[in-house]
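The values are calculated or read from the model by the stated rules, or taken from the named source; none is laboratory data. The model shown is predicted, which means the values in this text are computed figures rather than measured ones. What goes into the accessible areas is simple: the full protein's heavy atoms, side chains included, and nothing from ligands, DNA or RNA. Shrake-Rupley method; radii C 1.70, N 1.55, O 1.52, S 1.80 Å.
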Amino acid sequence: MRKPIDLWAALHGLLTIIALLYPVWLLVSHDIPVTAPVLYLEGAAFVSAAVCYLLHQKKLTLVETIYYWLTHIFMFFSILLIWNSFFEAPAFPLVSALAVVGYMYYCFKTKNMAARLISFCVSAMLILTLFENSCLFWSITGINFEQCLSVTTVILLLFYSKANSLWRFTAYYPTLVFLGLSVPTAFLDPFYWMVIPLGGFAWFTWRAVKTAERYIFSSIVFLLIFLLGLRIQELLPITHEAVYSLALTALVATLCWFLGKETWRPILYPAVFALLVFTALTAIRTTWDTVSMIITLIGICASAGLLIFLYLYRLKNLSVVPLMLLSLLIWLNLVNAPFGVKTASFLSASLALLVVSLWRRKPFIEKTHFSLNYERITAFAYLFVFYGFMAAHTLYFGRLAAACLAVLYGGLTAYRSTQLERKVWMNGALAALLWPAAIILQKSPLFPFMNHMLLAALFLIIVSLSCRRIWGAGLYCLRIEWIAVAVIYLRLMLLALMIGETGALLAFAVVALIGTISGFLLKYKSYFFSSIVALIISLLYNRRHMWVVLPWWLYLVIGGFVLIATASIVEWTRQDKLRRAKLNLPPRVSMLRKIKYYLHTWR
């Protein structure tokens with residue numbers, strides 16, 4: 001049960017607050033300027049605080065509590081009146097200064113964490129009130145509420161940077177709130193006021209320890225840099241395109257990632273990736289002028305930077321993203337560009353991607369985690385597009401250059417590849433030689449059948465090199481060579497027969513003769529026997545009129561000589577075996593066996 005003295009103290013506090021608030025009601029009801037009631041309330045609050053301190057010394061707990069809350073009630077009403085003066089008439093700045101000093105003093109003296117946090121927030125609001133009141137009272141133009149908010153933010157940042165760990169815990173969230181409230185200064189003039197929230201969040205990002213805080217603060221910093229870029233664009237005589245601000249933000253983020261510590265790189269990676277992708281996407285357009293040319297270069301640089309960034313971050317599977325962006329940029333942005341610009345762009349991009357592919361020495365197909373060499377695929381695709389442009393404009397040397405580059409691409413890729421892939425690419429480079437050869441033969445002064453023979457000869461050389469040198473002259477490779485040689489001879493023979501001219505038939509016979517000699521010298525069975533068959537068919541066909549003119553008895557004479565010669569050889573062989581058996585000599589090796597043994601050494 002309460003003591004009588006405690007009940008009397010409670011009644012005393014209630015009557016005191018009623019008595020002290022009555023003059024405020026009188027002042028307000030008689031339209032007295034707001035400065036007078038605010039000063040009265042602040043004075044009453046300070047008196048209550050002094051009484052509270054004296055009662056604390058006397059250890060009168062209940063009465064001290066009453067005057068403690070009485071002090072805060074008076075200060076609360078005075079703060080409400082000060083804020084109300086913003087919308088009616090400015091109060092004298094002294095009232096704000098007294099409130100600031102009072103709450104700051106209480107904030108530094110109190111030991112309760114909740115009371116300290118609340119009083120710190122109120123002190124920050126009162127500092128903002130002091131600046132705003134001063135500007136309104138003395139009619140200071142050029143400084144609005146948002147700028148006063150930014151100045152208050154600077155004060156809080158300076159306090160937070162110099163405070164100890166205990167006070168930093170108190171000032172952390174209020175400072176962040178004021179920083180967030182000062183962000184709208186990015187949309188006001190002059191624009192450089194937004195440097196305050198940008199610098200504040202950058203400082204918090206640098207000092208952040210938790211991973212979540214680093215993600216959040218770094219994202220806010222990049223957003224503010226983007227807004228700053230938009231404001232700078234408004235002042236400069238350039239188009240209002242978001243790609244410039246995105247490029248600036250992406251450049252800053254990339255430099256931070258590249259120059260930052262290893263612990264920061266995983267945090268900055270999503271922001272860098274997203275900014276580079278958005279920069280390249282916003283650079284895509286279908287018009288062509290000076291501005292579009294600059295934007296296209298920005299998009300190409302963003303795509304190239306994203307590709308290098310993925311290489312450094314060892315994300316090979318995502319390299320298809322910048323290559324797709326680069327393809328869209330070159331194809332769509334240059335659709336209305338001059339012919340020379342388009343062809344030069346595709347050729348340059350193809351060469352650059354080929355160099356990147358050769359520098360990395362990445363296999364075309366990775367079996368461990370399935371992925372393709374997208375750089376090499378895109379390089380060849382751009383080369384084929386370049387050839388398409390040249391063919392559409394019937395540029396002979398352009399088409400020839402594209403075909404020669406295809407051979408060069410294959411050879412360089414084979415040189416930088418390993419094991420099986422090297423053989424495949426070397427075989428492809430050899431096969432690609434037919435492309436420039438066919439283009440050259442289109443301008444050849446020789447008659448068409450000769451061009452077909454030259455192209456067929458090159459094809460057989462490529463097949464022989466592939467089967468015998470690259471793949472090691474295995475059984476299946478030699479069978480492929482047999483089939484290729486037979487098909488080529490059959491094609492040339494049918495072509496010569498379809499033409500029916502003496503020159504074509506004679507040329508086919510010469511080719512068969514050269515093939516026979518070459519096969520004999522190189523000891524290639526496929527060439528030797530196929531050429532002999534082709535040569536016999538050619539001779540028989542070319543002399544078909546002679547076989548009809550000869551008398552019938554000449555065939556009988558030739559048949560008789562053949563039978564006599566065969567019987568003589570058989571009888572001589574039998575007599576030779578008997579003679580060698582009597583003399584205990586080994587049997588003579590027949591000519592057929594010698595020829596068979598000799599041909600067995602051929603390939």
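Taking amide H atoms as placed 1.01 Å from N in the peptide plane, the amide H of TRP471 has no partner under 5 Å among residues 5 or more positions away or on other chains. In the assembled protein chains, TRP425 presents an accessible area of approximately 50 Å² (probe radius 1.4 Å).
Phi angles of segment 405-419 translate, via the Karplus equation with coefficients 6.51, -1.76, 1.60 and θ = phi - 60°, into HN-Hα couplings of 5, 4, 5, 5, 4, x, x, 5, 5, 5, 5, 9, 9, 10, 6 Hz per residue; Gly and Pro are given as x.
In order along segment 192-206, phi translates into HN-Hα couplings of 5, 5, 6, 4, 5, x, 5, x, x, 5, 5, 5, 5, 5, 5 Hz, rounded to whole numbers, per the Karplus curve 6.51 cos²θ - 1.76 cosθ + 1.60 with θ = phi - 60° and x for Gly and Pro.
Solvent exposure of segment 312-443 amounts to 52 Å² per residue of accessible area, where only protein heavy atoms count and the probe is 1.4 Å. For the pairs LYS210/LYS261; LYS162/LYS210; LYS362/LYS423; LYS525/LYS577; LYS109/LYS162, note any where the Cα-Cα span goes beyond 24 Å. In this structure, LYS525/LYS577 lie more than 24 Å apart at Cα.
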